[in-house]
Structures are given as structure tokens and as C-alpha cells.
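Structure record follows, encoded as C-alpha cells.
Nothing in this text is a laboratory measurement; each read-out follows from the coordinates by a stated rule. All figures in this text were calculated on a predicted structure; none of them were measured in a lab. Here the Cβ positions follow ideal geometry from the backbone for every residue, glycine too, while neighbour counts run over all protein chains shown.
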């Protein structure tokens, strides 16, 4: 078996001690995925390093490349981290097979650098069928090196539990359309808690950093039966348990925004009402595990909410179907096993041999191109190009 390392940019959660509870009662079992690899790194490995103006995800990529002797292959999770590691590998003389977990390939700040660096990427693991097609058709990445897997939920932590079901809820921040939800709920009397403290939406031209909108700005338009506020995970689980079903209102998006909340709700045995976006098509089964509604249509959303609210028999059946689907396709263990299998696939070994035969002349010929790629990538992500190529 090969030594496959894992690199994940965790942001504010980097280095935090994860509760190890196999029962899944007190915390999600995130360690299951991490421990499938020979070692797992996040930004905490940068503790004690000299100050740098580079973002932590780029410095993590650089440190992972510096530690190449410690692994046979590297799995990176996240778009920015994966692209930064591709650049660091491009500039390095020693490269190890690189498998990236990514779910977005159409944004210009991802598509353009990836199109130029794709020959250095040995395999891609994704859970979006829409984005898989984009990777193959728009970027020209070989289909045989793209692994489409099912996204996951910790089905042990999020599992059905007894509670008085007297409300509904909506959860999450990515591309949420809470304005439409609040309008749909107006006058219905249906109790709802929106478990979020902000919403993230893309900036102009989808090239800039996302904008953060505080949900407190929505309170004025919310009925008295609607409450807002983010919750700790254990309280969020109790919220799911008290909810008859879960609503995931989305803005137009070509990615699978909302997939985490959808799977958490389904794992709890709850049907889901979801906006039918271009990207969110791989999880909810219409009329079986939930309902789709048009994006930005408060009347359609209101009708769907009232339809389920007034039909407890249908809600119970759809909830049971949802839990069964999670147990069949979306467990944490299955996601871990399929990701590890992709990382062990033979194609990356072949790709590694191909890269190993590059001559010094070829390396010099591509150095100028690599610098240009770095400049493009850095400009999209607000990094000074000169900083990105400075040796550590």
C-alpha cells in the first residue's frame, strides 16, 4: 500500500482538537476520513513559521511540497489549496502524484489556472455530476482520471432521534435565498428557525472574493414565527429532530451548494424542499426524498411548504426514504473508502512516470509559462505575484 498523505485547508478550525467519539453522540466522526491516510495536514503545521503575507492555504501548499519525501502521493481538498499545490509542484524539481478533491471548475479563477496546470494533476475526485462534465468538456481533462463519488454525511452523528416535530428549519450560508424563504413563510404561521448568521454570495463577475451578508438584515421582514441564529452542532442536530422537514432555498448556482445540509437533514430522516438550481441535482429525488421548487419563486415555495406541513403521512414516508438513501449511498465510511480507492488507482503511477522523463531543457522552457500561470492565479486571489514565487 502506498503512503498517501492528505492536505486540507480548514481555516479557523485548523489544529483544533477533534472529539473522538465512535458513538457519534457528542461530535461528528471527522477522524474517520483523516485516518484513512498515512498522515493528515492542515494549517496547524505552519505554527511557529516566520510571518508571511501569503494566505495560509498557499503556505500550507508550499509546506506540503517541502515534505514530499514523507509520502508517495498527496490528496488535497479544496480549490485554492489544490491549485496552489499544483503551482508549487510545477516550480519544484521533485513532484509526487497529486489527487485533488474539488467541486467547482467553471469559475474563471479556478478554470483558467487549472486549464494551464492540468497536466500536473494525476486525478480529480468530485461529487458534482454537473462540474464533472465541465471539467471534461470545458477544460479537457481526461475523463478516465475523473472520479465521480457520492458526497457524505456522518450518518451516525446525524441519525433519527425522538422529538416533538412542531416546526421546520433552514440551515446554511452558501448561496442561500432567505429573502424568498421569508416571503414564502409570510402569513402561513409555520414556525421556522433559520440556523445561520450570514449568507455568502459571489462577488461581481465571479472573480472576486465572496460577499458576506449578515442575516440580521432580514429580521425586519421576518414574521414573528421565524427566528434566526447559528447553532452549535449538537443543538443543530436537535433542531433537525424537531423539524418536520428542512427547506434549502438557493440562489442560482452551477455548483452543488446546499449538499451538506441536504444530506444532514436526510440522515436525520427528514424530507428536503430545495431550489432547483443547475448544480444541485445529485441528491434529492423528486417526490421520493423531497421536493424541488423554482429558484426565487416564493409562491411555489409556499405551496411546497404547506403541502408537506399538512401531510404528515407523506412526510414520514419521504423521511424514511431519505434515511435509506443516505445509508445506501452517502455514508462517511463509503465516501472515505471510495476516495482512498481513487487515490490508489494505477493511473497516477503512470502519470508520475510520464512527468519523471522531463528534460532540463523542457523544464527551462516551461519556467516562463509557470511564472505567467502564477501571476494569473495570484491576481484572481489578490496575492502579489512576487510573493508567491519567493523561496521559503
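Per residue, how big is the convex hull of region 108-260 when only Cα atoms are used? Give it in Å³. Please report the intermediate quantities before stating the final value.
Numbers: hull volume 21.1 nm³, N = 153.
Per-residue hull volume (Cα only) is 138 Å³.
Can you tell me the FRET efficiency between residue 138 and residue 201 if r is taken as the Cβ-Cβ distance and R0 is 41 Å, rounded to the nearest 0.05?
Details: r = 23 Å, r/R0 = 0.56.
In this case the efficiency is close to 0.95.
Which of 160, 191, 113 moves most in a GNM of the chain, Cα contacts under 10 Å?
Per the Cα network of the chain with a 10 Å cutoff, 191 tops the list.
Would you calculate a helix-derived [θ] at 222 nm for the chain, using -39,500 (n - 2.57) for each DSSP H run of n ≥ 4 and dividing by the full residue count, to the nearest 500? The partial results should precede the final answer.
Working: 14 runs with 152 residues, N = 392.
My calculation for the chain gives -11500 deg cm²/dmol from helical runs alone.
Taking only Cα atoms, what is the 0 to 90° angle, nearest 10, from helix 360-380's long axis to the longest principal axis of the chain?
Tilt relative to the chain: about 30 degrees.
Please give the direction-averaged projected area of the C-alpha convex hull for region 4-107, in square nanometres with one decimal.
Working: hull surface 31.4 nm².
Mean projected area for region 4-107: 7.9 nm², to one decimal.
I'd like the Kirkwood hydrodynamic radius of region 167-330, using the inverse of the mean 1/r over distinct C-alpha pairs, in Å. Intermediate values should be presented prior to the final figure.
Values: mean 1/r = 0.0637 Å⁻¹.
With all distinct Cα pairs of region 167-330 included, I get 15.7 Å.
How would you rank 65-71, 259-265, 105-111, 22-28, highest first, on the average number of other Cβ atoms within 10 Å across their residues? Before the final figure, lay out each step's value.
On the way: 65-71: 15.7, 259-265: 25.6, 105-111: 19.1, 22-28: 13.4.
For the peptides 65-71, 259-265, 105-111, 22-28, the packing ranking is 259-265, 105-111, 65-71, 22-28.
Starting from the Kirkwood radius over alpha-carbon pairs of region 110-152, derive D by Stokes-Einstein at 37 °C in a medium of 0.692 mPa s and give it in µm² s⁻¹. Mind showing how you got there, number by number?
Values: Rh = 10.5 Å.
D = 311 µm²/s.
Pick from 290, 258, 187: which residue has the top mean-square fluctuation in a GNM of the chain where Cα pairs under 10 Å get a spring?
187
Of the listed values (1) 46, 23, 17; (2) 36, 22, 20; (3) 40, 22, 19, identify the label whose number matches semi-axes √(5λ) of the Cα gyration tensor in Å calculated from this model.
The value matching this structure is (3).
Work out how much length residue 285 to residue 234 would gain on full extension: take 0.36 nm times their residue separation and subtract the Cα-Cα distance, in nm to one decimal. Could the numbers behind the result be given before it?
On the way: separation 51, 0.36 × 51 = 18.36 nm, distance 2.72 nm.
Contour length minus Cα-Cα distance gives 15.6 nm.
For region 167-330, what does the relative contact order come out to in percent, with C-alpha contacts under 8 Å and a separation of six or more?
Details: 320 pairs, mean separation 37.1, N = 164.
Computed value for region 167-330: 23 percent relative contact order.
Which angle between 0 and 90 degrees, to the nearest 10, do you get for helix 108-117 versus the longest principal axis of the chain when only C-alpha atoms count?
It works out to around 30 degrees.
Under 10 Å, Cα contacts only: if you run a Gaussian network model on the chain, which one of 197, 214, 254 comes out with the highest mean-square fluctuation?
214
Relative contact order, percent, of the chain when contacts are C-alpha pairs under 8 Å separated by at least 6 residues? Before the final figure, lay out the partial values.
Details: 708 pairs, mean separation 64.7, N = 392.
Answer for the chain is 17 percent.
How far is helix 233-242 tilted, in degrees, relative to the longest principal axis of the Cα atoms in the chain, given as a value from 0 to 90 rounded to the nearest 10?
30 degrees
I'd like the antiparallel share, as a percent to the nearest 5, of DSSP beta bridges with both residues in the chain. Walk me through the numbers on the way to the answer.
Values: 5 of 42 bridges.
About 10 percent, rounded to the nearest 5.
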